[in-house]
Amino acid sequence: MSLIDISGYLLFVAFIAYLVAILLFGGSIKQSNATGNNTGTWGKLAIGVTIIGFLSQLGYFITRWIYSGHAPVSNMFEFTTAFGMFIVAAFILIYFIYRMTALGLIALPVALLIIAYAAMFPKEVTPLVPSLQSYWLTIHVITAALGQSILAISAVAGLIYLLKVVDVKKPSLSRFGLEAVMFFLVVVVGFVAVTTTFSAMNYESKYTYVDKEGTERPITYNMPPIFGMNEYKAVEEHGMSPIVEMPPLINAKKLTTVVWSLLAGSVLYLLIRLIARRRISAIFQPFVKRVNLQLVDEIGYRSVLIGFPVFTLGALIFAMIWAQVAWSRFWGWDPKEVWALITWLFYAAFLHLRLSKGWEGKKSAWLALVGFGIILFNLIAVNLIIAGLHSYAAS
């Protein structure tokens, strides 16, 4: 058995361990609701299984690194799985500081969905393109991912805070926003379901297209094509032709995946609503009824305090050094660079509003969720749909 096979098995073990840990954290919360003990048997089992999962995923990361000869963060599959691992690491650290089991019930599903999202990308180890053959890549990407993972914990804390304080029985903008967050999480589940389904069917439609440099390239769709690449021509179609042709700036294949995910997620959301006969946010509210709001608010704020400077180092400073090495310029207004700057400016405004204007509690929780939404937009939409110098990472 090769190292790459071992790394795949370790990642699968981690995925299963996180699933089990989510169930155990749910049991821990029920136990604490009944006994008032927030670190009972269920809680100890849950964090133990989480650590086993994290160590398994760390083993995946190390074995893949040894096999490939470079840090496994050079494409979307590798980066996304690493991002999920760092979120789990950040959660484990925060858990041992604050001993709040409710964090696990939200943080682990988020990490799990991010890791599952990686499944849409090719898993093969490929040689690095010249611009990636630098140790500054490893420093830049790992540090940026660590910063984003810590910032993700602030969003987890913000979601818990809002689940506790928002009255989902009365119509309000807060109720609508909270349910929109839940809808987005279901859409990610829908993405996993639809990609798994078409993958099991071995669906493929092959085309050629002309990229923004005017070069003709082949492309294979693994879902029925809703959008066609620029000047596409069919090589081998199966059952459906693209409805709309997109300009070269847009990756129509990835946009097709996003739209299919939205459709599947919407259907799944409606089914959950019909079966449960209540909003998804109302389903989760009993799990957070005993949380300490002041403590949750502190976790969210401190996560930004720690994550912001780490993100600054990785996504801006180290990124500019690497850009100078790879492309002989510190800044080039590439879409990925622009959204990294937007993310940085948002969290700088977050800290300003928190420290100078007293935006605590509910306002801070909403800001944390919006910030993580910007991070996810950068990860999903900017990486996949908009072509740029970072487009190699979408392969």
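The values are calculated or read from the model by the stated rules, or taken from the named source; none is laboratory data. Small disclaimer: the values here were computed from a predicted structure and weren't measured. Positions of Cβ are backbone-derived with ideal geometry, glycine not excepted, and every protein chain shown enters the neighbour counts. Areas reflect the complete protein model, heavy atoms only, side chains present, ligands, DNA and RNA absent. Shrake-Rupley method; radii C 1.70, N 1.55, O 1.52, S 1.80 Å.
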Taking residue 124 as the residue in question, decide whether it is out of contact with any helix residue (DSSP H, G or I) (no Cβ under 6 Å at 6 or more places or on another chain), farther than 16 Å from residue 310 by Cβ and open to solvent by less than 10 Å² (accessible area, probe 1.4 Å). no
Checking residue 275 against (1) open to solvent by 60 Å² or more (accessible area, probe 1.4 Å); (2) assigned to a loop (DSSP other than H, G, I, E, B): exactly one of these is not met. Which one? (2)
Selection from the range 282-299 of residues assigned to a helix (DSSP H, G or I) and open to solvent by 40 Å² or more (accessible area, probe 1.4 Å) yields 283, 284, 285, 286, 287, 293, 294, 295, 298
Just to be sure before I move on: is residue 223 crowded, with 17+ Cβ neighbours inside 10 Å, part of a loop (DSSP other than H, G, I, E, B) and touching a strand residue (DSSP E or B) at 6+ places or on another chain (Cβ under 9 Å) in the structure I sent? yes
Single unsatisfied condition, residue 90 versus (1) in a helix (DSSP H, G or I); (2) modelled with pLDDT under 90; (3) more than 18 Å from residue 292 (Cβ to Cβ): (2)
Going by the structure shown, is residue 23 free of Cβ contacts under 8 Å to residues at least 12 places away in the same chain, of a type outside the set (Ser, Thr, Tyr), closer than 27 Å to residue 297 by Cβ and part of a helix (DSSP H, G or I)? no
Could you check how many residues of the range 53-70 are open to solvent by less than 10 Å² (accessible area, probe 1.4 Å) and within 18 Å of the chain's Cα centre (by Cα)? 2
Hits in the range 106-153 - residues which are among the β-branched types (Val, Ile, Thr) and within 25 Å of residue 326 (Cβ to Cβ): 125, 126, 129, 138, 139, 141, 142, 143
Taking only the range 305-348 into account, find how many residues are without any contact (Cβ under 8 Å) to a residue 12 or more places away in the chain and aliphatic (A, V, I, L, M). 4
Is it fair to say residue 325 is among the hydrophobic types (A, V, I, L, M, F, W, C) and in a loop (DSSP other than H, G, I, E, B)? no
Could you check how many residues of the range 320-337 are within 20 Å of the chain's Cα centre (by Cα) and open to solvent by less than 40 Å² (accessible area, probe 1.4 Å)? 2
Take the residues of the range 8-35 that are over 30 Å from residue 78 (Cβ atoms), open to solvent by less than 50 Å² (accessible area, probe 1.4 Å) and of a type in the set (Ser, Thr, Tyr): which is modelled with the lowest pLDDT? 32
I'd like to know if the range 71-86 contains one or more residues that are open to solvent by 40 Å² or more (accessible area, probe 1.4 Å), within 24 Å of residue 10 (Cα to Cα) and not acidic (Asp, Glu). no
Could you count how many residues in the range 248-272 are free of Cβ contacts under 8 Å to residues at least 24 places away in the same chain and surrounded by 16 or more Cβ atoms within 10 Å (Cβ to Cβ)? 0
Here is a list: 340, 365. Which entry is buried (at least 18 other Cβ atoms within 10 Å of the Cβ), within 19 Å of the chain's Cα centre (by Cα) and more than 23 Å from residue 139 (Cα to Cα)? 365
Check the range 36-50 and report whether any residue there is farther than 25 Å from residue 142 by Cα, buried (at least 24 other Cβ atoms within 10 Å of the Cβ) and in contact (Cβ under 8 Å) with a residue 40 or more places away in the chain. yes
